């Protein structure tokens, strides 16, 4: 639609391409509902008022809100391709995501990132990509690829900003590589769990704009007061919404956003993503328009997306039609004025696989003895899982007797490196779980109470990786993840069914209620979240930012 015709249609002189008649429009600027028709043309909103259209849809008083924005997500954590992820979240009203592809980048570098970008281009979902800043997350890991400051500088123009700067100790120590990466970006996401005081000041002063690792009201208030946007996260393992929303006032809400970070497909299917955040925030007492702005306008302003986040002339026509705003029951979703349906997707996800994206698991020959916890490490502290968060606690070696063994194996170069830890808090017994999803280097993580099942589960992964559950010498369930050991090629529905099958299988291992053991296992190797982690090089103390020695120090 030419600009001149758009102006005439906005004036009402000529008919608009599409008019949504008799709508209750959410005005996120004034915090009011407005009775109006919505005129749409050229993918944009032309005006609100009384309009006639070439096509008209009578909404009969239904409420219309802007398309929802997920401000920090790793699509890989859904274990489906961006194409299939879009099929899962668009019907939930999420029309835009800010995606950080650092999971696949740690395995397959820019080849992996390019694959995700190509897959996403085949969907109506609007994806803004952040350039992964920490591949690997720290110098103490063994990833499949490495992206240095030169790589950041040469590719920065292809991305909308720098992904989460996980190596906050490197920033605080003024590590030259970290600083070069930050200087190359105009907008940088943060990752600063429990950072406070002058250390937080220094981290923000280095060029950080956001943070999604906020777990207490006090942390939220300090970070907002120091100018950060806080992405309030409601993932599968990390559930921060209920803890943080009570501290969010109308004023503070202006610096708050919603994100999912890592959310499983079963949770997306059952509860949704950002739609769930809005619904729950209102249920917890947050003013409705404050919750809505956090999911729309605030997100667009934070990430410099001036045509998104509101329903007003000149904005893109990303719209969600609701049967009920309170319940976030969705009737229709429009992306740039087009009704989202299967017809908007390509017939299939035909994105090509670059070299290095398939068959990425490379292990030396395995033996049962490798999964026996070494006696010389019994003096080391124990990792304690904390339900509802990715934070772990450090226990003394005598504080817990019911522990299981965690073994992390380097899987990119078949180096034979292995790290061990004892883990408390899962209640797992009678079997083992192995996974090639292990943030962020994505080596093989195996947890279990006997070496035989640990060996069987790990061996089941083969070269393509995936998740395997074994008990009593039998494989109960196996989900292959051939794309970088992280993602399946299956359609959304088939992947969902398999993830549910894994959850049923793991019930036979007596996992404690309230713990998503697959997500918990995926985060146990991540050495940038306090307090203890285990990488392929051994037990790691995040607070000290060093490995724990054999004597536990």
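Only the coordinates and a few stated rules stand behind these numbers; no lab work does. Treat the numbers as computed from the prediction; the structure is a model and nothing was measured. Cβ atoms come from the backbone with ideal geometry, glycine included; neighbour counts cover every protein chain shown.
Using only the alpha-carbon atoms, how far is helix 451-460 inclined from the longest principal axis of the chain? Give it as 0 to 90 degrees, nearest 10.
50
At 7 Å along Cα-to-Cβ for each site, give me the label-to-label distance between residue 27 and residue 239 in nm.
3.8
Hey, rough spin-label estimate for residue 327 and residue 372, points 7 angstrom out along Cα→Cβ, what's it come to in nanometres?
Here the answer is 5.9 nm between the modelled labels.
Note down the relative contact order for the chain as a percent, whole number, built from C-alpha pairs under 8 angstrom at least six residues apart.
15
How high is the FRET efficiency between residue 549 and residue 284 when r is their beta carbon distance and R₀ equals 41 Å, given to the nearest 0.05?
FRET efficiency, residue 549 to residue 284: 0.40.
Measuring from centroid to centroid over Cα atoms, what is the spacing of region 362-404 and region 448-486 in Å?
Here the answer is 18 Å between Cα centres.
Please tell me the relative contact order of region 3-61 in percent, rounded to the nearest whole number, where contacts are Cα pairs under 8 Å and at least six residues apart.
Value for region 3-61: 40 percent.
Label residue 271 and residue 304 with points 7 Å out from Cα along Cα→Cβ: what is the distance between them in nm?
Using points 7 Å along Cα→Cβ, the separation is 3.3 nm.
If R0 is 45 Å, what FRET efficiency do you get for residue 177 and residue 513 from their C-beta distance, rounded to 0.05?
0.55
Which of 365, 223, 243, 413 comes first, and how do the rest follow, when ranked by fewest Cβ neighbours within 10 Å? Working shown, then result.
Values: 365 8, 223 25, 243 17, 413 11.
Ascending number of Cβ neighbours within 10 Å: 365, 413, 243, 223.
Rounded, prolate or oblate: which fits region 163-259 when a ≥ b ≥ c are the square roots of the eigenvalues of the alpha-carbon gyration tensor, with rounded for a/c under 1.5 and prolate only if a/b beats b/c?
Details: a/c = 1.97, a/b = 1.79, b/c = 1.10.
Prolate.
Could you state the angle between the C-alpha long axis of helix 492-506 and the longest principal axis of the C-alpha atoms of the chain, as a value from 0 to 90 degrees rounded to the nearest 10?
In the chain, helix 492-506 runs at an angle near 40 degrees to the longest axis.
Pulled fully out, how much extra length does the chain show between residue 352 and residue 463, if you take 0.36 nm times their separation in residues and subtract their Cα-Cα distance?
Taking residue 352 through residue 463 to full extension adds about 38.0 nm, to one decimal.
Based on the Cα gyration tensor of region 392-507, what are the three equivalent ellipsoid semi-axes, each the root of five times an eigenvalue, rounded to whole Å and given largest first?
Three semi-axes, in Å: 24, 17, 13.
Gain in length, residue 401 to residue 379, computed as 0.36 nm per residue apart minus the alpha-carbon separation, to one decimal in nm?
Fully extending the segment from residue 401 to residue 379 adds 6.6 nm.
So what is the 222 nm mean residue ellipticity for the chain from helices alone, if each DSSP H run of at least 4 adds -39500 (n - 2.57) and you divide by all residues, rounding to the nearest 500 deg cm²/dmol?
For the chain, the value works out to -7500 deg cm²/dmol.
Residue 254 to residue 226: extension gain in nm, 0.36 nm per residue of separation minus the Cα-Cα distance?
Numbers: separation 28, 0.36 × 28 = 10.08 nm, distance 1.35 nm.
That works out to 8.7 nm of additional length.
Kindly identify region 3-61 as rounded, prolate or oblate by the Cα gyration tensor criterion: order the square roots of the eigenvalues as a ≥ b ≥ c, call it rounded if a/c is under 1.5, otherwise compare a/b with b/c, prolate if a/b is larger, else oblate.
The shape class here is oblate.
Mind pulling the angle between the C-alpha long axis of helix 274-283 and the longest principal axis of the chain? Nearest 10 degrees, somewhere in 0 to 90.
Once rounded, one gets 80 degrees.
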